[in-house]
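Every number here is computed from the coordinates shown, using simple stated rules; none is lab data. All of these numbers come straight from a predicted model, not from anything done at the bench. With ideal geometry, Cβ positions are generated from the backbone for all residues, glycine too; neighbour counts draw on all protein chains shown.
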Amino acid sequence: MKELFLNEEGKPSFVHDGIEIVNPTISTCGRFSIPLEDYGFEVWSTGGGCTAHVQEFLFDGKKVLMLLTNDNLSHVEIDSPLVTGGLFDENMDECFLNLTFERA
């Protein structure tokens, strides 16, 4: 399981293939939109016909989930211009940090 940390700017980040990732919707060079699966995210059902991209991380020694959706409460497609979501406890009972990412 990858470790999630707050970078120098206070943004949640993780390391993938030795590179710090701050925006998981863009390539490591910052020029291209990429599928979230490239960084290890999976599509999960979140109930009510909705889906999201989810990945488990360790954050401050606790298991957390980063959950990301498009603006229609569905998993993120490569052409989704805006990606929103949050960091949740491992049971998805509480969101403790809201996230927004713009595609390249």
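Full extension of the chain between residue 46 and residue 98 yields a length gain of 17.0 nm, computed as 0.36 nm times the residue separation minus the alpha carbon distance.
Each of 9, 56 has some number of other Cβ atoms within 10 Å of its Cβ, and from fewest to most they run 9, 56.
The phi torsions of the range 17-30, fed into the Karplus equation with coefficients 6.51, -1.76 and 1.60 and a -60° offset, translate into couplings of 6, x, 10, 6, 10, 9, 10, x, 9, 10, 5, 5, 7, x Hz, rounded to whole numbers, with Gly and Pro shown as x.
By other beta-carbon atoms within 10 Å, ranking 11, 2 with the fewest at the front produces 11, 2.
Test of understanding: in a Gaussian network model of the chain with alpha carbons linked when under 10 Å, which of 49, 30, 86 would top the mean-square fluctuation ranking? Taking springs between Cα atoms under 10 Å, the residue moving most is 49. Where Lys and Arg each count +1 and Asp and Glu each count -1, what net charge lies around residue 56 among other residues with Cβ under 12 Å from its Cβ? Net local charge, residue 56 excluded: -1.
Amide H contacts under 5 Å for residue 59: 4, 64, restricted to partners 5 or more places along the chain or on a different chain, H placed in the peptide plane at 1.01 Å from N.
Spin-label model, residue 1/residue 32: points 7 Å from Cα along the beta carbon direction are separated by 3.2 nm.
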